[in-house]
1. At a Förster radius of 51 Å, what calculated FRET efficiency corresponds to the Cβ-Cβ distance of residue 125 and residue 80, to the nearest 0.05?
2. How would you rank 10-19, 115-124, highest first, on the average number of other Cβ atoms within 10 Å across their residues?
3. Return an integer: the convex hull volume of the alpha-carbon atoms of region 9-268, in Å³ per residue.
4. What order, most packed first, do the peptides 151-158, 105-112, 225-232, 251-258 have when packing is the mean number of other Cβ atoms within 10 Å of each residue?
């Protein structure tokens with residue numbers, strides 16, 4: 001057997017096959033979440049719809065190429081162990097696609113940080129630079145794979161740049177998660193808002209806590225998996241275990257983004273599904289009912305004030321199974337105020 005073949009065929013084959021199976025399950029979750037998203041939020045901005053479509057196309061290509069690798073190594077060359085040590089072209093493309101998916105998702109979150117931080121360019125550009133480094137170094141890795149031909153030569157020849165690629169991606173994840181948690185928690189108000197149409201009480205702190213929960217969980221998951229890939233690459237470089245874990249990374253990024261978008265359904269305290277969740281909590285004592293506005297009662301510190309946020313009515317409608325169809329004609333409400341001290345964007 002050639003020295004370029006994997007040292008343990010069983011471990012390598014098993015790890016790659018298991019990683020591809022897990023990635024396939026995650027792809028199924030991607031399809032489900034994509035369907036839920038387009039069903040629940042048909043009126044989201046075109047940019048977000050386009051982003052989801054592009055990610056779905058990339059993810060479909062990624063899982064297709066992953067199974068091409070399995071077919072090439074485990075079916076066409078089932079009796080040729082040395083073939084498992086030779087780079088197949090689809091492996092290189094999956095590396096590039098993972099970098100592209102990561103860049104898109106992290107740029108998406110960078111935009112959220114930009115909005116919530118009142119246009120903090122330094123923080124936003126830092127995240128984007130880390131994401132670009134992740135992509136560029138990933139492309140360099142793919143080119144190196146082409147040049148080296150044998151997988152066994154890759155860890156020694158490209159160890160530092162692999163560490164740089166994965167490290168930049170993980171650093172961006174941690175920075176995004178920490179920034180969003182800090183910024184969102186800073187928007188807590190302590191208000192309970194009573195919406196009169198329909199009659200529903202919303203705790204703004206509850207909404208923020210839910211968003212923070214989703215942010216932490218999705219951000220930590222991609223960060224932890226990225227760190228695990230680095231550890232396995234350094235400690236077990238020759239059995240492709242690191243690559244089997246790496247195959248799932250792009251799926252985690254996409255599902256994290258889709259979970260964030262779909263989580264807006266859980267933050268609807270008034271039963272209204274709209275394309276944004278933007279709240280102005282500038283209380284005004286003794287406010288009056290004006291054209292284009294709904295009066296709201298806010299209870300804070302045992303006192304009752306009147307909140308009069310600007311309401312932009314969109315054309316989204318929802319159906320609540322608890323009421324007859326004729327009672328379910330409530331237009332979606334988007335609370336918007338560009339000068340608001342609390343702004344939870346649609347993305």
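1. Once rounded, the FRET efficiency stands at 0.55.
2. Averaged packing, sorted descending, gives the order 10-19, 115-124.
3. Cα-based convex hull of region 9-268, divided per residue, equals 124 Å³.
4. Taking the mean over residues of other Cβ atoms within 10 Å, the ranking is 251-258, 105-112, 225-232, 151-158.
Readers should treat all values here as calculations from the given coordinates under stated rules, not as data from a laboratory. This structure is a prediction, so every number in the text was calculated from the model and none was measured. A quick note on method: Cβ atoms are made from the backbone with ideal geometry, for glycine too, and the neighbour counts reach across all protein chains shown.
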